[in-house]
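Chemist: Submitted below is the structure of interest, expressed as structure tokens.
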Amino acid sequence: MSLLLAAAALALSLAACGERAPEPEIKPPAPPISARGNPARELDGMRRHVPVDVEITPLPMARVENFDRTRERAYPMQPPTIPHSIDGYQVDLNSNRCMLCHARSAAASFQAPPVSVTHYMDRDDQFLAEVSPRRYFCVQCHVVQTDAQPLVANGFMDIDAVLRSERPQ
């Protein structure tokens, strides 16, 4: 009986050898997928979808908004923006032009918001007589606002807007 099974298996394998499976088709690698065409020639929205090897005319320089009004903040503890031009302001190890108006002792006479008390605290929450060296360079956190249009889409929603959208109507 086992001899009969072995003979049948041999017959089947010999029959299968005559019919080979088709060779797999070898394809060249596909180019990278891009919604706009050849990604090797295009970068992104910051170049306004102009190929990298083409020189484009730059956008006009954005103008600083000089409204001297306090802007709404998008999240708690967000540093306020600078509502005026700071061209020519000296902020270095020897001088901080911002403190001329925003120091707590001078803010009232210049009608400027005083620097937050947190700027007078060291990393151990101890109060200092002068602005903390960690908070001395204002523009590392505070930025001037301009009339420039966003280069990329932004769907940011502050927490209040998120909570309102999730609340049943």
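Chemist: Restricting attention to segment 100-111, does a residue exist that is under 30 Å from Ile159 (Cβ atoms), open to solvent by less than 70 Å² (accessible area, probe 1.4 Å) and modelled with pLDDT of 90 or more?
Modeler: yes
Chemist: Could you count how many residues in segment 105-137 are charged (D, E, K, R) and free of Cβ contacts under 8 Å to residues at least 12 places away in the same chain? Steps first, answer last, please.
Modeler: Keep residues of segment 105-137 that are charged (D, E, K, R), which gives 122-125, 130, 134-135.
If we keep only those that are free of Cβ contacts under 8 Å to residues at least 12 places away in the same chain as well, we get 123-125, 130.
The number of residues fulfilling the criteria is 4.
Chemist: Restricting attention to segment 126-169, which residues are of a type in the set (A, V, I, L, M, F, W, C), over 22 Å from Met77 (Cβ atoms) and loosely packed, with under 10 Cβ neighbours inside 10 Å?
Modeler: Pass one, segment 126-169, residues of a type in the set (A, V, I, L, M, F, W, C): 127-129, 131, 137-139, 141, 143-144, 148, 151-153, 156-157, 159, 161-163.
Pick out the ones that are also over 22 Å from Met77 (Cβ atoms) and you get 129, 148, 151-153.
Within segment 126-169, Ala129, Val152, Ala153 qualify.
Chemist: To continue, here is another question. Does any residue of segment 23-32 turn out to be open to solvent by 100 Å² or more (accessible area, probe 1.4 Å), assigned to a helix (DSSP H, G or I), hydrophobic (A, V, I, L, M, F, W, C) and at pLDDT 65 or above?
Modeler: no
Chemist: Let me ask you something else. Could you give me the residue pairs with C-beta distances under 8 Å whose first residue belongs to segment 153-169 and is of a type outside the set (Phe, Trp, Tyr), whose second residue is part of a loop (DSSP other than H, G, I, E, B) and surrounded by 10 or more Cβ atoms within 10 Å (Cβ to Cβ) wherever it lies, and which are 6+ apart or on separate chains?
Modeler: Every condition considered, the pairs that remain are Asp158/Ala74; Ser165/Met157.
The values are calculated or read from the model by the stated rules, or taken from the named source; none is laboratory data. As the structure is a computational prediction, the values presented were derived from the model and not from experiment. Using ideal geometry, Cβ is built from the backbone for each residue, glycine included, and neighbour counts are taken over all protein chains shown. Heads up: the accessible areas ignore ligands, DNA and RNA and are worked out on the full protein's heavy atoms, side chains in. Shrake-Rupley method; radii C 1.70, N 1.55, O 1.52, S 1.80 Å.
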